[in-house]
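The values are calculated or read from the model by the stated rules, or taken from the named source; none is laboratory data. In this text the structure is predicted, and so the values were computed from the model without any measurement. Methodologically, a virtual Cβ is constructed for each residue, glycine included, from the backbone with ideal geometry; neighbour enumeration extends over all protein chains shown.
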Amino acid sequence: MRSQLKLALSLAQTALLSCAVSVSAQDDTATQTLFKNVNVFDGFADELAMNTDVLIEGNHIVEVAKNISAPDATVIDGGGRTLTPGLIDMHTHVTFETTAGTNGFNEYDFGGAGAMGAQALRDNMLMRGITTARDIAGNSRGMARLIQRGQLVGPRLYTSGGVLSPTGGHGDWGGPTDTKRNLDYGAMVEQSFIIEGRESVIEASRRNFRNGAHFTKVMAGGGVASLYDPLEILSATQDEVEAAVEIASEYGTYVAVHAYTDASYNRSLDAGVRSFEHGFLVSEDIVKKMAKKKQDIAWSFQCFMSVATFGDYDSMPGFFTHEQKLKGVAVGKGAKNAAALMLKHDVFMIGGSDMFTPTFGPRMKEDITCRTSMVGYPAAQALKMSTGNAGIVLKWSDVLDPYPTYELGTIRPNAYADILLWDGNPLDNIDLILDESKLSLIMKDGVIYKDIM
Ligand SMILES: [Zn+2]
């Protein structure tokens, strides 16, 4: 049943793709591009494969080997540069890019937020080497569709659509004098769905999937950047989280949770949640329980916005209140500890910056370098969390995967041709990814967006 549905969906998606031939080069007679003389980071290995060639056909990789011969291919001589997969940011909020962040809808309408989001997708992400992003709360369903159809320039976008949040939870962005639920502007435009019990979870999940979400995000614990929820509260009930997993499973996809504490992680692990955001206050017992699940679940780390930004009361965003800053300090302390435990027990890890607004948006890649400079992860591990591992998690959208044909985040045959060339070796010096002059070439879906070689 699922495979029939999947086939039908991929046929429908193929039809959509063929409407956008000017952008997508997916067909059998596609042109070939051959990268010669490059050192390859494949998204997983700790070492580079030296002096390697990579052959692209249309929008995907067909061969990775030494001395490839392809007489009809356009040759790009890498000159000993490092070739990596395009970067993947697994935790963004495209519709909160305005200067006011999650408070933006008190000042701007959805059109303004969409315009800022489109600009961020192009300038802060694609043109800096982030070729795929996962929007994990916010109604970017339309933007994701526009990019997929080649009508908006940006990274591939996977979106949760509106987040499911109980009244007063991390996704309740209404004012402190609201008297009825669902009346604030953000909820009206489905930035969030305010849930109260199982039935409302089912209704919100189905609406979200109907309109183009690729997975579900639930607020399953308190938050930092919100007004009404102490960090320690559980927010969504066990029954509500289970209902979200039930509907997501029917659609062949998965649930991600926002949560910080043992109690909220434990509840979500038992309910069948797969993607665990934040978790900066969890104990070693919970980390061990996560490790046992191997690659059935992933921990999603926001290094910069926990360790760096929340390390110090005075360095926090100006739009935060005093109470929000106090919560931030608690998170900053716990994050280093959680990061060390996750590495020690070999939990399957991905990374996403959670960095948006004109202040933080252009700095998204500092989340990757933070993993090495501030918590001591090896550079290959830091990169793997934003390439190979991230690509595996994106495929958990399964039936709802908007890019179902090939793999993402890796350099091997049958992966999408999302490729970066670096002047230098990021495994030796991870900070070079912050220097745009060292990013020599950006290719997404077989199309070159930047070339300064
Ligand atoms: Zn977030």
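Observations, loosely collected:
- Close pairs from segment 235-248: first over 12 Å from residue 273 (Cα atoms), partner part of a loop (DSSP other than H, G, I, E, B) and of a type outside the set (A, V, I, L, M), Cβ under 6 Å, at least 6 apart: 235/169; 235/221
- Members of segment 129-184 that are assigned to a loop (DSSP other than H, G, I, E, B) and either touching a Cys at 6+ places or on another chain (Cβ under 9 Å) or of a type in the set (Asp, Glu) (or both): 149, 150, 172, 178, 184
Condition check ((1) more than 16 Å from the ligand (Cβ to nearest atom); (2) under 14 Å from residue 353 (Cα atoms); (3) modelled with pLDDT under 95; (4) not aromatic (Phe, Trp, Tyr)) across all residues:
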residue	(1), (2), (3), (4)
288	yes, no, no, yes
294	yes, no, no, yes
302	no, yes, no, yes
306	no, yes, yes, yes
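- Residue that is surrounded by the fewest Cβ atoms within 10 Å (Cβ to Cβ), among those in segment 133-184 that are more than 16 Å from the ligand (Cβ to nearest atom) and among the small types (Gly, Ala, Ser): 175
- Residues that are free of Cβ contacts under 8 Å to residues at least 60 places away in the same chain and basic (Lys, Arg), drawn from segment 267-281: 267
- Residue check for residue 355: on the phi < 0 side of the Ramachandran plot, of a type in the set (A, V, I, L, M) and within 13 Å of the ligand (Cβ to nearest atom): yes
- Boolean, residue 241 is within 16 Å of the ligand (Cβ to nearest atom), under 22 Å from the mean Cα position of the chain (by Cα) and outside any loop (DSSP other than H, G, I, E, B): no
- Exclusive hit being surrounded by fewer than 24 Cβ atoms within 10 Å (Cβ to Cβ), among the small types (Gly, Ala, Ser) and in a helix (DSSP H, G or I), set 187, 113, 120: 187
- Test for residue 43: is it closer than 26 Å to residue 433 by Cα, modelled with pLDDT of 95 or more and surrounded by fewer than 18 Cβ atoms within 10 Å (Cβ to Cβ): no
- The condition of being out of contact with any Cys (no Cβ under 8 Å at 6 or more places or on another chain), farther than 17 Å from residue 135 by Cα, touching a residue at least 60 places away in the same chain (Cβ under 8 Å) and among the hydrophobic types (A, V, I, L, M, F, W, C) does not hold for residue 201.
- Residue 254 vs. criteria under 19 Å from the mean Cα position of the chain (by Cα), in the same structural domain as residue 163 (by TED's automatic domain parsing) and away from the ligand (no atom under 16 Å from the Cβ): yes
- Extreme residue, farthest from the ligand (Cβ to nearest atom), among residues of segment 209-228 that are surrounded by fewer than 23 Cβ atoms within 10 Å (Cβ to Cβ) and of a type outside the set (Ser, Thr, Tyr): 210
- Exactly one residue out of 418, 367, 346, 354 is farther than 18 Å from residue 128 by Cα and either charged (D, E, K, R) or under 14 Å from the mean Cα position of the chain (by Cα) (or both), and it is 346.
- Neighbours by Cβ (under 7 Å, 6+ apart or cross-chain): first from segment 124-144, among the hydroxyl-bearing types (Ser, Thr, Tyr); second within 16 Å of the ligand (Cβ to nearest atom): 132/88; 140/94; 140/95; 140/117; 140/157; 140/159
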